[in-house]
Amino acid sequence: MKKKWWHDKVAYQIYPKSFCDTNGDGIGDLKGVIDKLDYLKELGIDIIWLSPIYQSPFVDQGYDISDYYKISEQFGTMEEFDTLLAEAKKRDMYIVMDLVINHCSDQHVWFQKALQDPEGEYGDYFYFRKGKEGNPPSNYRSYFGGSAWEKAPGTDYYYFHMFAKEQPDLNWNNPKLLNELYTMINWWLEKGVAGFRIDAIINIKKDPTFADLTPDGPDGLASVWHMVEKVNGVGDLLENLKKNTFEKYQAFTVAEVFNMKKDELVEFVGENGHFSTMFDFSAHSLSMGEHGWYDSKPIQFDDFRNALFHSQSECLDVGFLANIIENHDEPRGISRFLPSYAQNDAGTKMLGTISVLLRGIPFLYQGQEIGMRNCPMESIEDYDDISTRGEYQMALAAGLSAEEALEVCCRNSRDNARTPMQWDASENAGFTTGRPWLKVNPNYKTINVKSQLEDADSVLSYYKKLLSLRKSKNYKDVFTYGTFLPLYKEEGYIFAYERKTDDKTVAVLANFGKKEKTLYLKDSSASTVLLNNQDEVQIQDDQITLKPCQVLVIDLLDMEKRMLAGLPYKTTKELFAKQAVNKKKIARFNQLDPTNLEEIVASLKEILGKTGKNVFINAPFHCDYGTNIEVGENFFANYNFTVLDVGKVIIGKNAQIAPNVSIYTAGHPLHPEARNSGYEYGISITIGDNVWIGGNTVIMPGVKIGDNVVIGAGSVVTKDLPDNVIAVGNPCHILREITDEDKDFYYKKCVFDVQDYLGDGYSWL
């Protein structure tokens with residue numbers, strides 16, 4: 001996979017209307033977002049997605065845009081938006097806008113002109129059709145309920161709207177319209193936004209015949225979705241969109257896509273997909289009723305787990321998904337995905353952990369990091385959301401009482417996520433000094449940012465640790481690019497998986513049940529707990545016991561890989577076993593007939609990880625693993641050569657090692673508490689070509705010795721030595737350089753009395 005700038009980022013969705021109000025009008029604003037950038041940076045956020053802030057009549061909370069080039073006055077000015085971009089950039093943060101291009105507002109100038117002449121130039125920007133015998137052109141039900149056709153005043157034409165009647169759908173078959181959209185998108189990218197969340201994009205392809213469909217409800221209508229799922233060719237539209245806009249700017253794009261056709265995943269988020277990523281709605285879809293909220297079912301744990309496992313596995317070799325617990329269109333995740341007994345701080349931390357550490361891009365929603373919950377409403381009049389009011393009426397029509405209809409809205413309403421952000425315990429949760437546009441959740445006195453910032457054990461503090469772990473130097477790669485492997489799929493109420501790269505394996509283990517669960521995990525005693533949402537960790541040998549609502553993130557620590565990487569490690573049963581195999585080889589080697597050169601050379605090839613030709617060691621010889629030692633050609637070591645090769649030992653060609661030389665890659669921490677933990681380390685040693693090491697020399701961990709070096713007897717080498725030097729002492733230090741003048745002398749000032757000293761001295765082997 002080609003690495004992209006956004007792969008290792010964490011995103012955060014802001015619903016501006018409910019985030020932070022600085023002018024006391026009861027509505028959040030851009031200045032409020034700017035004021036909270038440091039808070040978000042400290043939390044661990046890289047990408048900020050703003051729900052729509054464009055000019056709009058706000059029939060559907062800004063998803064009905066009347067001018068794509070203007071900022072709504074209730075949020076601020078374009079100058080303030082530019083300030084937001086600049087301040088985010090200072091903090092290495094990115095701003096992502098919401099892009100709504102399936103439809104616009106009926107107040108947009110395009111639609112106003114279209115109403116004047118449905119058959120004219122701007123009429124073709126939309127879908128106008130004549131009715132049938134006084135009825136709409138077809139029997140489609142909009143996503144918000146009721147007919148998807150609205151009559152144009154003073155005409156016999158109807159216009160098409162998949163959402164509210166105030167949101168007419170745009171005609172993506174019109175080249176002039178597409179050019180208008182492309183120009184607008186590029187204008188924002190030129191301004192400096194990093195990309196877009198793209199709303200309802202799968203809906204842009206329509207069947208222009210708008211033929212009737214089989215009714216699927218008591219109203220005699222058919223969901224408009226059935227038309228969308230029958231049409232082909234949306235990929236062509238999306239690819240043209242990408243090539244004319246996003247691709248030019250390396251923009252980050254995350255698509256809202258429901259019910260994509262089978263086998264189309266690679267086209268959407270693959271290496272060359274239409275988008276960078278798309279939201280995983282697999283778990284969220286579980287609570288969708290057949291006809292509406294009124295017949296939705298509570299989410300069962302097995303279904304929740306299986307849905308996420310399936311989507312993770314499906315995307316593994318394709319691309320990245322955007323992982324969410326909640327957003328502006330969904331109720332709060334705690335209230336939705338956790339059983340009542342788990343709707344506490346421990347359960348909240350657990351749910352956050354399993355989501356954030358999945359493969360893909362984590363998206364947090366404002367308030368998720370403090371554990372905000374669904375807000376109880378006393379009346380349907382307390383809801384502002386157009387969809388919620390529509391669902392309420394559908395519930396009443398289906399025979400539910402007013403109390404029952406209100407209860408399903410309390411469970412499923414989008415306004416649950418849109419209640420004001422809870423900053424502190426002051427009036428209106430510190431969101432505004434005025435009257436908030438939507439009711440504040442009454443639990444704000446106990447669930448708020450200020451109190452949690454002061455509590456090291458709070459949900460907020462935990463989220464900081466969680467995001468820090470995901471982005472840490474040692475674990476960023478495994479959580480970004482590591483494979484996903486489900487664990488314990490047959491265990492009830494256990495949500496567990498591995499994230500794995502070549503050099504790391506991390507397990508995420510969560511207990512969603514009411515009772516303790518004991519899991520068997522190979523080498524768990526040698527593992528390191530990276531994150532724990534509760535006080536106690538119960539690990540013994542190969543058993544891990546999880547309390548109810550407990551989640552553990554564990555480095556399974558392939559100890560050999562850690563050892564060879566120079567990281568702290570513990571000696572496991574597997575490493576002991578590997579050492580035991582080598583000890584048997586060493587014992588046999590040390591008992592060989594010292595005159596049987598062929599057998600000695602053959603035995604060394606079995607012991608050492610890599611050898612050149614002409615390699616010889618006089619017994620006795622000792623090493624830990626052997627496989628971690630590499631020697632070049634013409635290597636000779638004399639009696640009592642000892643190598644602690646828990647780290648790599650690489651020796652070049654033409655090396656000569658005198659008796660009683662020890663090479664130590666191994667070491668232990670200085671502090672007794674750290675040392676008594678059982679952790680040790682091995683730091684590799686490298687020795688160059690043509691090196692002579694005198695008797696009784698000790699070479700310490702991490703040392704690099706250059707080419708053509710002579711080390712005097714009895715030295716303790718603690719620091720690197722450059723090429724062409726004589727070094728001696730404890731600690732070993734450079735005595736002088738080796739020069740061409742040394743070529744003619746074999747000892748001090750004794751001149752060679754032979755002429756073949758430059759020949760192959762190892763040919764006897």
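The values are calculated or read from the model by the stated rules, or taken from the named source; none is laboratory data. Bear in mind the structure is a predicted one, so any value in this text is a computation, not a measurement. Glycine also receives a Cβ, built like all others from the backbone with ideal geometry; neighbour counts cover every protein chain displayed.
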statement: (1) within 16 Å of the chain's Cα centre (by Cα); (2) in contact (Cβ under 8 Å) with a residue 40 or more places away in the chain; (3) surrounded by fewer than 19 Cβ atoms within 10 Å (Cβ to Cβ) all hold for L308 apart from (3)
message: Out of the strands (runs of 3 or more DSSP E) lying entirely within the range 9-125, which hold 1 or more residues that are in contact with a Lys or Arg (Cβ under 9 Å, 6 or more places away or on another chain)?
response: 11-14, 47-50, 94-99
- request: Please enumerate the residues belonging to the range 423-475 that are free of Cβ contacts under 8 Å to residues at least 24 places away in the same chain, surrounded by fewer than 14 Cβ atoms within 10 Å (Cβ to Cβ) and over 26 Å from L358 (Cα atoms).
  value: S426, E427, K445, T446, E454, D455
One residue from S451, S472, S461 being within 14 Å of the chain's Cα centre (by Cα) and polar (S, T, N, Q): S472
message: So if I check each of A148, A152, which one is touching a residue at least 40 places away in the same chain (Cβ under 8 Å) and either small (G, A, S) or assigned by TED's automatic domain parsing to the domain that holds Y69 (or both)?
response: A148
- prompt: Hey, does the range 618-625 have a residue that's surrounded by fewer than 17 Cβ atoms within 10 Å (Cβ to Cβ) and under 27 Å from the mean Cα position of the chain (by Cα)?
  reply: no
message: Among the numbered criteria (1) touching a strand residue (DSSP E or B) at 6+ places or on another chain (Cβ under 8 Å); (2) farther than 22 Å from N696 by Cβ, which one does N596 miss?
response: (1)
message: Residue under question is P420, and the condition is that it be surrounded by fewer than 22 Cβ atoms within 10 Å (Cβ to Cβ) and not basic (K, R); does it hold?
response: no
- line: Taking the range 586-627 and keeping residues within 24 Å of G566 (Cα to Cα), out of contact with any Leu (no Cβ under 7 Å at 6 or more places or on another chain) and either of a type in the set (S, T, N, Q) or in a loop (DSSP other than H, G, I, E, B) (or both) leaves L608, G609, Y625, T627
query: Identify, please: which residue in the range 491-507 is buried (at least 21 other Cβ atoms within 10 Å of the Cβ) and either in contact with an Asp or Glu (Cβ under 8 Å, 6 or more places away or on another chain) or of a type in the set (S, T, Y) (or both) and is, among those, nearest to L316 (Cα to Cα)?
result: Y497
- request: Report, ordered by the first and then the second residue, all pairs with beta carbons closer than 7 Å, sequence separation of six or more or different chains, a first member in the range 476-499 that is touching a residue at least 24 places away in the same chain (Cβ under 8 Å), and a second member that is surrounded by 16 or more Cβ atoms within 10 Å (Cβ to Cβ) and acidic (D, E).
  value: K476/D8; T480/D8
- line: The condition from (1) outside any loop (DSSP other than H, G, I, E, B); (2) free of Cβ contacts under 8 Å to residues at least 60 places away in the same chain; (3) touching a helix residue (DSSP H, G or I) at 6+ places or on another chain (Cβ under 6 Å) that V257 misses is numbered (1)
field: Only listed residue being in the same structural domain as Y15 (by TED's automatic domain parsing) and closer than 14 Å to R141 by Cα, chosen from T209, T183, T214, T245
entry: T214
From S51, S66, residue being over 25 Å from G154 (Cα atoms) and not aliphatic (A, V, I, L, M): S51
task: Given the conditions (1) at pLDDT below 95; (2) within 26 Å of Y639 (Cβ to Cβ), report the number of the one that T718 does not fulfil.
output: (1)
- request: State which residue pairs qualify: first residue on the phi > 0 side of the Ramachandran plot and surrounded by fewer than 20 Cβ atoms within 10 Å (Cβ to Cβ) and inside the range 641-668, second residue assigned to a loop (DSSP other than H, G, I, E, B) and polar (S, T, N, Q) in any location, beta carbons under 7 Å apart, and separation of 6 or more residues or different chains.
  value: N660/N640; N660/N696
Subset of the range 13-69 (residues that are crowded, with 22+ Cβ neighbours inside 10 Å, closer than 24 Å to D92 by Cα and of a type in the set (S, T, Y)): Y15, S51
- line: Going through (1) modelled with pLDDT under 85; (2) among the charged types (D, E, K, R); (3) farther than 27 Å from G678 by Cβ one by one, D558 fails only at (3)
query: If you take the residues in the range 331-374 that are of a type in the set (D, E, K, R) and in contact with a strand residue (DSSP E or B) (Cβ under 8 Å, 6 or more places away or on another chain), which one is surrounded by the fewest Cβ atoms within 10 Å (Cβ to Cβ)?
result: R359
query: In the range 655-690, which residue that is in contact with a helix residue (DSSP H, G or I) (Cβ under 6 Å, 6 or more places away or on another chain) and assigned to a loop (DSSP other than H, G, I, E, B) is farthest from C623 (Cα to Cα)?
result: P669
- prompt: Residues L556, L575: which one is farther than 14 Å from L521 by Cα, crowded, with 17+ Cβ neighbours inside 10 Å and either of a type outside the set (V, I, T) or in contact (Cβ under 8 Å) with a residue 40 or more places away in the chain (or both)?
  reply: L575
- request: Could you check how many residues of the range 151-202 are part of a loop (DSSP other than H, G, I, E, B), among the charged types (D, E, K, R) and over 14 Å from N102 (Cα atoms)?
  value: 1
message: With the requirement that a residue be more than 15 Å from D555 (Cβ to Cβ) and in contact with a Gly (Cβ under 9 Å, 6 or more places away or on another chain), what does the range 492-509 give you?
response: G492, Y493, I494
